[in-house]
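Taken together, the values in this text are just the output of simple stated rules run on the coordinates, not laboratory data. Keep in mind that what you see is a predicted model, and the values were worked out from it rather than measured. Here the Cβ positions follow ideal geometry from the backbone for every residue, glycine too, while neighbour counts run over all protein chains shown.
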Amino acid sequence: MSEGIRNTLLFLLVAGLITYVGYAQSLNSALLIIAMGLLSSIMALGVNLQWGFAGLFNVGIMGFVALGGLAAVLVGMPPTPGGFSAGGVGVLVALLMGGATIAAAVYATKKMRKGWLRTVVVIVLLVGGFFVFRALLDPSVARIEEINPAEYGYLGGLGWPVLLAWPVGGLFAAGAAWLIGKTALGLRSDYLAIATLGIAEIIIAVMKNEDWLTRGVKNVIGVPRPVPYEIDLQNDPSFVERAAQLGMDPVEGSTLWVKFLYVLLFGAVLLILLWMSQRALHSPWGRMLRAIRDNEVAAEAMGKDVTARHLQVFILGSAVCGIAGAMMTTMDSQLTPGTYQPLRFTFLIWVMVIVGGSGNNFGAVLGGFLIWFLWVQVEPIGLWLMNVITYGMAEGSPLKAHLIDSAAHMRLLTMGLVLLIVLRFSPRGLIPEK
Amino acid sequence: MEFLNAIVALSNYVLIPGIAYGSQLALGALGVTLVYGILRFSNFAHGDTMAFGAMVTILFTWWFQSMGLSLGPLPTALIALPLGILGTMGLLLLTDRFVYRFYRAQKAKPVILVIVSLGVMFIMNGIVRFIIGADDINFLDGERFIISARDFKTMTGLDEGLAFRTTQLITIVTAMIIVAALFWFLNKTRSGKSMRAYSDNEDLALLSGINPERVVMITWLIVAVLATVAGVLYGLDKSFKPFTYFQLLLPIFASAIVGGLGNPVGAIAGGFVIAFSEVTITYAWKKVLGYLLPESLEPSGLVQLLSTDYKFAVSFVILLIVLLVKPTGLFKGQAV
C-alpha cells in the first residue's frame with residue numbers, strides 16, 4: 001500500500017469514528033469532538049514544530065495555552081466601569097517599575113565589572129525594586145478588587161473584537177517562551193523540560209491568584225463570541241424556518257449551527273497553520289532545523305547558529321499553542337484558571353504528537369483528532385469495562401463500587417499505555433516523518 | 001525577652017518547618033540525582049513514585065490500624081513503611097525490566113528516556129488514583145505534638161509558643177538515618193563504589209568488569225527507598241494527595257539542579273536551599289520584626305514578600321538564576 005493511500009485511510013478511519021459518534025450518541029457531541037480535535041491538532045502542530053522539527057522538549061504547553069486564554073479575556077471582555085481610573089494606572093505604573101527594575105539589574109550585570117560590588121548593586125536594585133513594586137501594586141490592586149467583587153473585581157479587558165485575541169494570545173505565549181528559551185536553551189535538553197514545567201505552574205498560579213487580572217478562581221464568564229448566540233438565533237424567524245426545513249427544532253438547530261461555525265473558524269486557522277508548517281518544513285530553514293536536530297555538532301561546524309535557531313522555533317511553537325489557547329477560551333466563552341491541568345493540557349498533547357508521528361505535520365493533526373477522540377471516549381468505555389468485570393460480583397460489594405467509581409481514572413492509565421506502546425513498537429508514529 | 005520571643009517565633013514558623021521540608025526535598029532530590037547519575041536521564045516519574053510508595057504505606061497502615069496494631073505515640077505508618085518500600089521496589093524493578101531496559105540496550109538519547117518516563121508517570125499516576133482515589137488523605141495517628149505551643153508558653157513564660165510536631169522530628173531523624181546509610185553505602189561498600197565508578201565514567205567501569213545491570217538494579221532499589229521515605233514523610237507532615245506529589249517535581253528538580261545534578265551532596269544542599277527560600281519568602285515577617293524593631297518602626301503590613309500560592313515561583317526563580325549563573329550547580333554536577 002502506498003504511503004498516500006495509507007495516510008488517507010488513517011484519516012478516513014478517524015472521520016469514521018467521529019461519524020459513528022454523531023450517529024450513535026448525538027450530532028452535538030460529534031461536532032464538539034471535531035472542534036476540540038481541531039484545537040488539539042493546532043496545539044500538536046505547535047509542539048511538533050518544537051519537537052519534530054528541532055528536537056526541543058517542552059512540557060509547559062499548559063502555560064502557553066493558559067496565556068492564550070488570558071489574552072481572550074484581556075482583549076475581548078468589556079472594560080470594568082471605573083476599573084481603570086480606580087487602579088489601572090497604578091497597576092500599569094507598578095508593572096513598568098517592575099520591568100525597569102529587572103532591566104536595570106540586567107544592565108548593571110552587563111556593564112559593571114565582575115566582583116562583589118556588582119553583586120551588591122544587583123541585589124540592592126532587585127530587592128529595592130521589589131519593595132517599590134509591591135508598594136505601588138498592592139493599593140491599586142485592592143482598589144480594583146473592591147469594585148463590585150461579585151460581578152467584576154478585576155480590570156476587565158479592552159472590549160475589542162475577540163478574534164483579535166487569537167494573534168494576541170500567540171504574542172503572549174511567544175513572550176513567555178522567549179524568557180524561558182533565553183535561559184534554558186543551549187544547556188542540556190532536560191533543563192528546558194524542567195524550566196518549561198516550572199513556567200507553566202507559575203503562569204497558572206498567577207492566573208489563579210491575581211484576581212485583578214483574571215478574577216482568579218472566581219472565573220471570567222461571558223467572554224464575547226465571534227459567532228451569534230443561540231438565543232438570538234432562536235428568536236430569528238428566518239433561522240427557525242431554515243432549521244425547520246432541515247427537520248430540527250430551533251434549540252437543537254441553533255446549538256449545532258454555533259458549533260458548526262466554530263468548526264469552520266478553527267478549521268480555517270488549522271489549514272493556515274498547517275500550510276505554513278508544511279512550507280516551513282520544506283524550506284531551507286526547515287532543513288537546517290532538522291540538520292541541527294540530527295547532529296548539532298555538525299550543524300554548528302557548518303556555521304549554523306544552533307541556539308538562535310532553537311530559540312526561534314521554540315518561540316514559534318509556543319505561539320501556536322497560545323493561539324490555540326485563545327481559541328479554546330473563546331469557544332468556552334469563559335476563563336477558568338482552576339481547570340488547567342498539566343495532564344490534560346501538556347501531556348495529552350505530547351501523546352498526540354508521538355502517536356501521530358513526530359516530525360510530520362499531518363501526523364500531528366491525525367494524532368490530535370485520534371487521541372482527543374480516545375480521551376473523550378475512554379471514560380464511557382472504561383465504565384463499560386468495569387461494569388463487565390464486576391458483572392459477577394455481588395450487588396453493593398465495596399470492591400464493585402470502588403472499581404466503578406475508579407473508572408474515571410482509566411484515562412491516565414490508557415494514555416500512558418498508548419504512549420509507551422507507540423514509543424516502543426512504532427517510535428516514528430502512525431504517519432512517520434519522510 | 002523581645003529578642004527571645006523573636007527567636008522562638010522564627011524557629012516556630014521558619015526554622016523547624018524549613019528543616020523538615022528541606023529534609024523531604026533532599027530525599028526526593030537524592031532519588032532524582034541518583035537516577036540521573038546512573039541512568040542518565042531526568043526521571044519525571046519520581047513524584048508519582050513517591051506517591052505510589054506513600055499509597056502502599058497508607059494501605060498497610062489502614063490494615064494495621066484495623067488490626068489494632070500501633071506504635072503508641074508514633075504514627076502507625078512507620079511499621080508500614082518497610083512494606084511500602086518493598087512494594088515500590090517491586091514496581092520500579094518491573095518498570096525497569098519492561099520499560100527502561102529496552103531503551104538502555106538501544107542506547108537511546110536521554111530525551112527519549114525522559115519522554116518514556118512521562119509515560120511511566122501517567123501509568124503510575126493512574127494506578128495510584130485508581131487504587132486510592134484523588135482525594136486528600138490524612139493517615140497520621142499517635143501523638144501530634146512533642147511540645148505544643150501552649151505547653152511551651154507555660155514552660156518558659158514567653159509570649160510566643162513553639163510547637164514541635166512529632167512528624168517534624170520523625171522527618172528530621174529519618175532523613176538523617178537514611179542519608180547517613182546512603183553515604184556509608186556509596187563510600188564504603190563494594191556495590192556503592194561500583195555505582196560511583198559507573199556514574200563517573202561508564203566505559204572505564206565496564207572495562208573493569210562492573211556488571212551494568214546490577215548497578216542499575218541497585219540504583220532502582222535505593223531510589224525506591226528514598227522515594228517511599230520521602231513520600232511517606234511528606235504525607236505524614238502535610239497530607240497525601242496524588243496531585244501534590246506531581247507538583248513536588250518542580251522543587252525536587254530545582255533542588256537537584258541547584259546542588260548539581262548527579263551529585264548526592266549537592267542534592268541535599270539544594271533541598272535545604274530551596275526549602276528555606278520557599279519558607280522565608282512566603283512567610284509573613286510582621287511578628288518577628290514586631291519583636292525586633294522599636295515600636296516606631298513596627299511594620300503595618302504583613303511583610304510577606306510573596307503569597308504562599310507562589311511557592312513554586314520561588315523554586316523556579318532560583319532554578320533560573322542557577323541555570324543563568326552556574327549551570328553545573330553549587331557543587332559540581334555532571335550536567336552542562
(request) Would you mind getting the Kirkwood hydrodynamic radius of the range A:316-434 from its Cα pairs, rounded to one decimal in Å? (result) 16.3 Å
(request) Express in whole angstrom the spacing between the alpha-carbon centres of the range A:126-180 and the range B:251-265. (result) 34 Å
(request) Provide the gained length on full extension for the span residue A:421 to residue A:251, in nm with one decimal, where the gain is 0.36 nm per separating residue minus the Cα-Cα distance. (result) 56.8 nm
(request) Quick one: check the C-alpha center-to-center distance for the range A:320-335 versus the range B:154-182, whole angstrom. (result) 48 Å
(request) In Å³ and rounded to a whole number, note down the convex hull volume per residue for the Cα atoms of the range A:79-155. (result) 71 Å³
(message) Need one number: the % of Cα-Cα pairs in the protein assembly as shown sitting beyond the 36 Å mark.
(response) 49 percent
(request) Which order do the peptides B:215-221, A:42-48 take when ranked by the mean count of other beta-carbon atoms within 10 Å per residue, highest first? (result) A:42-48, B:215-221
(request) Let me know the shape class of chain A, please: from the alpha-carbon gyration tensor, a ≥ b ≥ c as square roots of the eigenvalues, rounded when a/c is under 1.5, otherwise prolate if a/b is greater than b/c, or oblate. (result) oblate
(message) Pick from A:78, A:224, A:250 the residue whose mean-square fluctuation is largest in a GNM of chain A, springs joining Cα atoms under 10 Å.
(response) A:250
(request) Would you mind ranking A:402, A:409, B:46 so that the residue whose beta carbon has the fewest other beta carbons within 10 Å leads the list? (result) A:402, A:409, B:46
(message) Please compute the average number of Cβ atoms from other chains found within 10 Å of each residue's Cβ in peptide A:182-192.
(response) 6
(message) Show log10 I(q)/I(0) for the range B:180-269 at q = 0.24, 0.25 Å⁻¹, two decimals, from a solvent-free Debye sum over equal Cα scatterers.
(response) -1.27, -1.31
(request) For the range A:69-174, calculate the relative contact order in percent as a whole number, restricting contacts to Cα pairs under 8 Å that are 6 or more residues apart. (result) 55 percent
(request) Kindly rank B:72-78, A:379-385 from highest to lowest mean number of other beta carbons found within 10 Å of each residue. (result) B:72-78, A:379-385
(message) For peptide A:412-425, what's the mean number of Cβ atoms from other chains within 10 Å of each residue's Cβ?
(response) 6
(request) Enumerate the calculated ³J(HN,Hα) couplings along the range B:240-246 in order (Karplus 6.51 cos²θ - 1.76 cosθ + 1.60, θ = phi - 60°), each rounded to whole Hz, writing x wherever the residue is Gly or Pro. (result) 9, 8, x, 5, 4, 5, 5
(request) May I ask you to order A:54-63, B:108-117 by the average number of other C-beta atoms within 10 Å around their residues, highest value first? (result) A:54-63, B:108-117
(message) Only Cα pairs within less than 10 Å get springs; with that Gaussian network setup on chain B, which residue of B:62, B:184, B:285 has the largest fluctuation?
(response) B:184
(request) Kindly identify the range B:232-286 as rounded, prolate or oblate by the Cα gyration tensor criterion: order the square roots of the eigenvalues as a ≥ b ≥ c, call it rounded if a/c is under 1.5, otherwise compare a/b with b/c, prolate if a/b is larger, else oblate. (result) oblate
(request) Pull up the cross-link candidates among the lysines for residue A:400, meaning alpha carbon to alpha carbon under 29 Å and not fewer than 8 places away within one chain. (result) B:241
(request) Based solely on C-alpha atoms, express the radius of gyration and the Dmax of the range B:2-248 in angstrom. (result) 20.1, 67
(message) For a 18 Å ceiling on Cα separation, which of these pairs sit above it: A:110/B:326; B:153/B:238; B:311/B:332; A:110/A:182?
(response) B:153/B:238; B:311/B:332
(request) Tabulate in residue order the Karplus-calculated ³J(HN,Hα) for the range B:155-161, using 6.51 cos²θ - 1.76 cosθ + 1.60 with θ = phi - 60°, rounded to whole Hz; enter x for Gly and Pro. (result) 5, 9, x, 7, 6, 8, x
